[in-house]
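Every number in this text was worked out from the coordinates using simple rules, so none of it is lab data. The structure presented is a predicted model; accordingly, all values stated were derived computationally and were not measured. When we count neighbours, we look across all protein chains shown, and the Cβ atoms used for this are built from the backbone with ideal geometry, even at glycine.
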Amino acid sequence: MADVRQILATKAFKDAIVLGGHEGLSNTVKTITVAEVPDAADWLRGGEIVCTTGFFVRDSSVSQVQWIESLIQRNAVALAIKTTRFLGDISDAVRVLADTRKFPIIGLPGNSTWPFVIESVMNLINNEQLLLLQRVQDIHQQLTELVLNGSSVRDIGQALANLVNNPVVVEDGRFNLISANIPVQTDGEPDLAVSMNECLLERTDRSFQLSLLNSDYYRRVVAGRSKDTLLQKLPRTKRETVTIPIIASNVVYGFATLVNASGLHSSVDVAAMEHGATAISLKLIRDTVQLDDRRTTELEAIQDLIHGRLHTAALRNTGFIKIDWSTPMVAILIECRFLRPESDIYVVDRPEQVFEKELRKHVRSVFGQCILGYDGNLFTLLVPFSPNARNDMPQKLRITLEPYLQSLHSSLPIRHLRAAVGGIYASPNMLQQSYEDAQKTLEILTALPNLGLIALHQQIGLFRFIHMINDHNQLRSYRDDYLHELLSHDEKNSDSLCDTLYAYLKLGGNVTATAKELFVHPNTVSYRVRKIHGILGNHFDDPEYRTSLLIALNIHMYLNGKEEN
């Protein structure tokens with residue numbers, strides 16, 4: 001935008017003299033007007049150079065001061081006056097007012113004509129506007145080309161920093177840092193580079209980001225998809241920042257911030273940041289679409305593998321072709337429900353993406369290779385293994401997965417997590433069977449969460465057979481044949497004899513081991529076993545009866561789990 005100093009360089013002001021208010025020569029000029037009436041200030045919009053002969057205030061210095069003060073209050077930026085026509089020299093009071101309020105008063109020659117003055121000023125302003133539009137168009141084109149060429153958000157942020165010659169910070173919808181860039185022009189100015197780094201560190205400090213996250217400004221942007229610009233100063237360095245929301249298709253993708261570390265930024269810089277915000281939103285939308293496409297392709301490839309289709313386009317496109325398909329694989333299903341952020345707020349590295357990346361890296365570090373894909377809450381993991389290692393795989397998988405899944409559970413916003421390992425078969429043609437085993441095991445684990453975080457198909461015993469029986473009335477009938485009296489006792493007396501009996505039978509009737517399992521004294525176990533004998537009778541010496549009891553107890557656990565879920 002043009003300022004008063006530039007106006008003075010035009011032809012119409014060639015012989016003009018600045019009579020006061022020299023410190024206001026940098027005031028921005030938006031337009032020019034002629035005022036020859038006392039109430040002229042009422043018609044101002046701000047940013048005007050006001051031209052006058054001063055005829056109506058020629059006789060009073062006080063009137064001159066009051067009139068000029070009224071112009072200043074309405075945000076005029078300068079006064080151009082033909083002093084020789086009616087006023088003569090301006091008074092000391094007028095000069096003091098001009099200097100105090102940084103309001104330039106320009107003396108024009110008496111032969112100046114208003115049409116020539118107005119034309120001269122408007123030509124400059126229009127040329128400046130044209131240059132501004134061209135510059136903004138160049139910026140828009142440059143940033144758009146970056147997106148079309150597949151540049152990263154960091155590349156766009158760096159281009160913005162170079163354009164505005166100041167640090168630029170790009171954050172996601174929760175003010176997590178995506179990119180922080182300093183203009184390359186500072187390479188030859190060590191002091192400026194240090195200053196910019198200092199401001200950048202202050203702006204990207206997590207406590208400052210959290211203050212923004214809890215601000216009224218953030219709530220206003222999220223609630224109304226407002227594209228309001230936030231102007232604020234950093235608390236320590238006192239540098240001004242300009243924050244612009246990145247919003248597209250009613251999604252808050254994040255925020256782009258100019259940190260005014262150099263002490264200078266213009267309206268063109270703000271326009272550059274606005275275009276940058278648009279370019280970044282396009283890039284993030286493109287990344288999201290590409291990620292969804294990749295996930296879809298990976299899931300198709302996994303399904304192709306499970307069903308023995310080894311020569312499909314999906315397998316070629318995912319790079320799985322490097323895997324030795326003659327190697328058997330075990331299928332693992334992991335159900336993971338996340339505490340998700342709002343779907344209309346973009347967050348870098350969503351929990352499911354972090355979970356997938358970390359799990360893939362960990363499993364590959366142990367087994368050398370794996371295939372992993374996810375759809376919503378369900379992750380499918382295929383792990384190759386040597387046929388000779390088949391017997392060791394159950395324990396190795398548990399040791400590999402269980403503690404790591406627990407660590408991910410504690411470090412990520414996960415509501416609940418469970419994993420089911422399918423059957424481990426030596427033949428590569430049995431992957432589909434392993435996958436179906438994992439599905440059944442996950443269903444059992446859903447009904448019986450007390451089985452633990454991870455369940456292996458080959459280690460869930462009787463539950464595999466119980467799960468095959470769809471007629472739950474038959475299951476209830478079998479359970480009640482053996483446990484009706486004991487269940488009635490527990491319900492009436494708020495007792496836990498069924499739990500004691502299950503642990504006692506599972507551990508082969510070992511009282512000490514049962515006490516350790518239940519965290520009670522061995523004498524307590526012996527007392528409870530005697531009560532059970534009194535209710536069910538002394539048939540425990542019959543191994544077939546003990547087996548039937550254990551089956552009934554397993555059925556009871558299974559049915560309870562089904563009813564609760």
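Under unit Cβ charges (Lys, Arg +1; Asp, Glu -1), what dipole magnitude, rounded to 20 debye, does the chain have relative to its Cα centre? Mind dumping the intermediate values first?
Working: 56 positive and 64 negative charges, 89 e Å.
I would put it at about 420 debye.
What net charge do the residues around PHE385 carry, taking every other residue with its C-beta under 12 Å from that of PHE385, with Lys and Arg at +1 and Asp and Glu at -1?
Working: positive: ARG390, LYS396; negative: ASP324, ASP392.
Within the 12 Å Cβ shell, the charges total 0.
Could you give the length gained on full extension between GLU145 and ASN538, defined as 0.36 nm per residue of separation minus the Cα-Cα distance, in nm?
That pair, GLU145 and ASN538, stretches by 133.0 nm at full extension.
Using the structure shown, list the pairs from LYS82/LYS102; LYS30/LYS102; LYS30/LYS238 with a Cα-Cα distance above 22 Å, or answer none. Please list the in-between numbers first.
Values: LYS82/LYS102 20 Å; LYS30/LYS102 17 Å; LYS30/LYS238 29 Å.
Checking Cα-Cα distances, LYS30/LYS238 exceed 22 Å.
Lys/Arg Cβ at +1, Asp/Glu Cβ at -1, dipole of segment 4-126 taken about the Cα centre: which of GLY46, THR28, VAL96 is farthest positive-ward?
It is THR28, whose Cα lies furthest towards the positive end.
Taking neighbour Cβ counts within 10 Å as the exposure measure, how do PHE116, PHE86 sort from fewest upward? Walk me through the numbers before you get to the answer.
Values: PHE116 13, PHE86 16.
The order, fewest Cβ neighbours first, is PHE116, PHE86.
Kindly flag which residue pairs out of LYS396/LYS440; LYS361/LYS440; LYS233/LYS357 have an alpha-carbon separation exceeding 30 Å in this structure. Before the final figure, lay out each step's value.
Values: LYS396/LYS440 21 Å; LYS361/LYS440 27 Å; LYS233/LYS357 38 Å.
Violating the 30 Å limit, Cα to Cα: LYS233/LYS357.
Determine the equivalent ellipsoid of segment 323-460 by diagonalising the alpha-carbon gyration tensor, then write out the semi-axes as square roots of 5 times the eigenvalues, largest first, rounded to whole Å.
On the way: eigenvalues 131, 56, 34 Å².
Value: 26, 17, 13 Å, ordered largest first.
Would you order HIS275, HIS467, HIS307 from fewest to most other beta-carbon atoms within 10 Å of each residue's own beta-carbon? Mind dumping the intermediate values first?
Working: HIS275 22, HIS467 17, HIS307 11.
Ordered from fewest to most neighbouring Cβ atoms within 10 Å, HIS275, HIS467, HIS307 come out as HIS307, HIS467, HIS275.
Please name whichever of MET468, GLY509, HIS533 sits farthest to the positive end of the charge dipole of segment 467-564, dipole taken about the Cα centre and charges placed at Cβ: Lys and Arg +1, Asp and Glu -1.
Of the listed residues, the answer is GLY509.
Assign one of three labels to segment 467-564, namely rounded, prolate or oblate, based on the Cα gyration tensor with a ≥ b ≥ c the square roots of its eigenvalues; rounded applies when a/c is under 1.5, prolate when it is not and a/b is larger than b/c, and oblate otherwise.
Cα axes put segment 467-564 in the prolate bin.
Taking only C-alpha pairs under 8 Å that are 6+ residues apart, what is the relative contact order of segment 150-286 in percent? Please report the intermediate quantities before stating the final value.
On the way: 236 pairs, mean separation 37.8, N = 137.
28 percent.
Let me spell out the model: positive unit charges on the Cβ of Lys and Arg, negative unit charges on the Cβ of Asp and Glu, origin at the Cα centre of segment 409-565. What dipole size does that give, in debye rounded to 20? Intermediate results must be reported in sequence, preceding the final value.
Working: 14 positive and 17 negative charges, 86 e Å.
Dipole size: approximately 420 debye.
Please report the net charge: other residues with Cβ closer than 14 Å to the Cβ of VAL421, K and R +1, D and E -1. Present the calculation step by step, with values, prior to reporting the outcome.
Numbers: positive: ARG390, LYS396, ARG398, ARG418, LYS440, ARG464; negative: GLU335, ASP392, GLU402, GLU436, ASP437, GLU443.
Local charge sum for VAL421: 0.
Lysine pairs in segment 479-565 with alpha-carbon atoms under 22 Å apart, 8 or more places apart or on different chains: how many are there?
Numbers: LYS492/LYS531; LYS506/LYS516; LYS506/LYS531; LYS506/LYS562; LYS516/LYS531.
Counting lysine pairs in segment 479-565 gives 5.
Based solely on its DSSP helices, what 222 nm [θ] is calculated for the chain when runs of n ≥ 4 H residues each add -39,500 (n - 2.57) and the sum is averaged over all residues, nearest 500 deg cm²/dmol?
On the way: 20 runs with 291 residues, N = 565.
Using -39500 (n - 2.57) per qualifying helix, the result is -17000 deg cm²/dmol.
Could you derive backbone 3J(HN,Hα) for segment 534-539 from the dihedral phi with the Karplus parameters 6.51, -1.76 and 1.60 (θ = phi - 60°), listing whole Hz in sequence and x where the residue is Gly or Pro?
x, 8, 9, x, 8, 10
If you count, for each residue, the other Cβ atoms within 10 Å and average over each peptide, how do 342-354, 420-432, 205-217 line up from highest to lowest?
Ranked from most to least packed, the peptides come out as 420-432, 342-354, 205-217.
Roughly speaking, what is the centre-to-centre gap between segment 53-78 and segment 503-530 when only Cα atoms are used, to the nearest Å?
Going from one Cα centre to the other spans 101 Å.
Given that just one value was derived from the coordinates, which of (1) 1.03; (2) 1.26; (3) 0.99 is Rg/Rh (Cα atoms, Kirkwood Rh)?
Label (2) holds the value from this structure.
Please report, in debye to the nearest 20, how large the charge dipole of segment 171-292 is about its Cα centre when each Lys and Arg carries +1 at its beta carbon and each Asp and Glu carries -1 there. Kindly include the intermediate steps, with their values, before the conclusion.
Values: 13 positive and 15 negative charges, 98 e Å.
It works out to roughly 480 debye.
Cβ neighbours within 10 Å, averaged per peptide: list 371-380, 482-491 in order, most packed at the top. Write down the numbers at each step before the final one.
On the way: 371-380: 17.9, 482-491: 16.1.
Descending mean neighbour count gives 371-380, 482-491.
Distance from the Cα centre of segment 138-216 to that of segment 452-488, in angstrom?
60 Å
To two decimal places, what compactness ratio does segment 1-129 give when its Cα radius of gyration is scaled by 2.2 N^0.38 Å?
Values: Rg = 13.1 Å, N = 129, 2.2 N^0.38 = 13.9 Å.
The reported ratio for this selection is 0.94.
Which one of LEU378, ILE323, ASN127 has its Cα pushed farthest toward the positive end of the charge dipole of the chain, where Lys and Arg give +1 and Asp and Glu give -1 at the Cβ?
Farthest along the dipole direction, towards plus: ILE323.
Give me the net charge of ALA161's neighbourhood, meaning all other residues with Cβ under 12 Å from the Cβ of ALA161; Lys, Arg count +1, Asp, Glu -1. Can you show the working numbers first?
Values: positive: ARG154; negative: ASP155, ASP269.
Surrounding charge for ALA161 is -1.
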